[in-house]
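Peer 1: Shown below is the structure under consideration.
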Amino acid sequence: MSRVAIVTGGTRGIGEAISLALQEMGYTVAANYGGNEEKAKAFTDKTGIATFKWDVGDHQACLDGCAAVAQALGPIDIVVNNAGITRDGVLAKMSFDDWNEVMRINLGGCFNMSKATFGGMRERGWGRIVNIGSINGQAGQYGQVNYAAAKSGIHGFTKALAQEGAKSGITVNAIAPGYIDTDMVAAVPAAVLEKIVAKIPVGRLGQASEIARGVAFFCSEEGGFVTGSTLSINGGQHMY
Ligand code: CAA
């Protein structure tokens, strides 16, 4: 029986590319999504990958959602915590709600999904958790105290959980993407984005598939000696 992987936010953008890359590796993939039903349906029609709707920021919904995936597809060996949102704004204009939602979903989602799956991985002696951080969690970004804090938290979370999983065959790693050609980046005002792209040494935005390659490596059998690591895939924008 092939290993089962969950990709949160797995039907769009970087998550879609990750779902496809894991499917290509022979894994059985469950793509979680939070809201866009139409896109999720189109994704299943195109790929044959099953989709499951829940809010990763909701602790109980993650426990229930993972139980439903395990029931439908089998025990969960691989989790890719990719779901994330932005609520950009300078601190002076950022509401508590903008802060809280980003922490709840981006960082809380990693905790909730790991809580739901780590015990099973430990019992079976094998697991892969990959958390999608960000260049902006490493370097900070004007207008993103919420997002930068959550993503930076993800990098710390990764190194802590990696230590807990190591003796049980569970690796926990992170990818720190730079600016990737997705809806999230397209939402950055054009004039601002132009200045950001001008600072990327390779001279372009990244592609979602370029992030998915890194995730696929972390999730492979051969990746078993790599844990607590962060792979920066950012076109040289921040060499860290
Ligand atoms: N450094 C210094 N000053 C800056 C700055 C920067 N990076 N960006 C803007 N400013 C300055 C502006 O020059 C302006 O100054 P003046 O008032 O003196 O002209 C002032 O800050 C206000 O700027 P804006 O007009 O842009 O202010 P705003 O309130 O309309 O918007 C903002 C602020 C929402 C932060 C907007 O600048 C923005 O969207 N920035 C992009 C943030 C970003 O990169 N988000 C990444 C999203 S994608 C992602 O997060 C994925 C990933 O992991 C990489």
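The values are calculated or read from the model by the stated rules, or taken from the named source; none is laboratory data. Since we're looking at a predicted model, the values are computed, not measured. With ideal geometry, Cβ positions are generated from the backbone for all residues, glycine too; neighbour counts draw on all protein chains shown.
Peer 1: Mind telling me which of the residues Tyr142, Tyr179 ends up being within 16 Å of Gly15 (Cα to Cα) and among the aromatic types (Phe, Trp, Tyr)?
Peer 2: Criteria check complete, one pass: Tyr179.
Peer 1: Can you tell which of Asn81, Asn106 is crowded, with 19+ Cβ neighbours inside 10 Å, under 22 Å from Ala186 (Cβ atoms) and touching a helix residue (DSSP H, G or I) at 6+ places or on another chain (Cβ under 7 Å)? Reasoning before the result, please.
Peer 2: Values: Asn81 fails: under 22 Å from Ala186 (Cβ atoms).
From the options Asn81, Asn106, the qualifying one is Asn106.
Peer 1: Being among the small types (Gly, Ala, Ser), modelled with pLDDT of 95 or more and crowded, with 21+ Cβ neighbours inside 10 Å is true for just one of Gly203, Gly214, Gly236. Which residue is that? Reasoning before the result, please.
Peer 2: Details: Gly203 fails: crowded, with 21+ Cβ neighbours inside 10 Å; Gly236 fails: crowded, with 21+ Cβ neighbours inside 10 Å.
That would be Gly214, the only listed residue that is among the small types (Gly, Ala, Ser), modelled with pLDDT of 95 or more and crowded, with 21+ Cβ neighbours inside 10 Å.
Peer 1: I would also like to ask the following. Taking Gln144 as the residue in question, decide whether it is in contact with a helix residue (DSSP H, G or I) (Cβ under 9 Å, 6 or more places away or on another chain), near the ligand (Cβ under 7 Å from one of its atoms) and more than 20 Å from Glu16 (Cα to Cα).
Peer 2: Yes; evaluated as a whole, the condition is true for this residue.
For (1) modelled with pLDDT of 95 or more; (2) surrounded by fewer than 24 Cβ atoms within 10 Å (Cβ to Cβ); (3) more than 17 Å from Asn131 (Cα to Cα), each residue gets a yes or a no:
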site: Thr11; (1), (2), (3): yes, no, no
site: Leu22; (1), (2), (3): yes, no, no
site: Met25; (1), (2), (3): yes, yes, yes
site: Thr28; (1), (2), (3): yes, yes, yes
site: Glu38; (1), (2), (3): no, yes, yes
site: Thr51; (1), (2), (3): yes, yes, yes
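Peer 1: Here's a follow-up. Identify the residue in segment 109-135 that is in contact (Cβ under 8 Å) with a residue 60 or more places away in the chain and farther than 24 Å from Met25 by Cα and, among all such residues, is surrounded by the fewest Cβ atoms within 10 Å (Cβ to Cβ).
Peer 2: Ile135
Peer 1: Among the residues of segment 84-99 satisfying the criterion of being of a type in the set (A, V, I, L, M, F, W, C) and either in a loop (DSSP other than H, G, I, E, B) or surrounded by 18 or more Cβ atoms within 10 Å (Cβ to Cβ) (or both), which is nearest to the chain's Cα centre (by Cα)?
Peer 2: Ile85
Peer 1: Ok, one more. Which members of segment 222-233 meet the condition of being in a helix (DSSP H, G or I) and either β-branched (Val, Ile, Thr) or loosely packed, with under 14 Cβ neighbours inside 10 Å (or both)?
Peer 2: The answer is Glu222, Gly224, Phe225.
Peer 1: Can you name every residue in segment 182-221 that is part of a helix (DSSP H, G or I), in contact (Cβ under 8 Å) with a residue 60 or more places away in the chain and either within 11 Å of the ligand (Cβ to nearest atom) or not β-branched (Val, Ile, Thr) (or both)?
Peer 2: Hits for segment 182-221 are Asp183, Met184, Ala208, Ser209, Ile211, Ala212, Arg213, Ala216, Phe218, Cys219.
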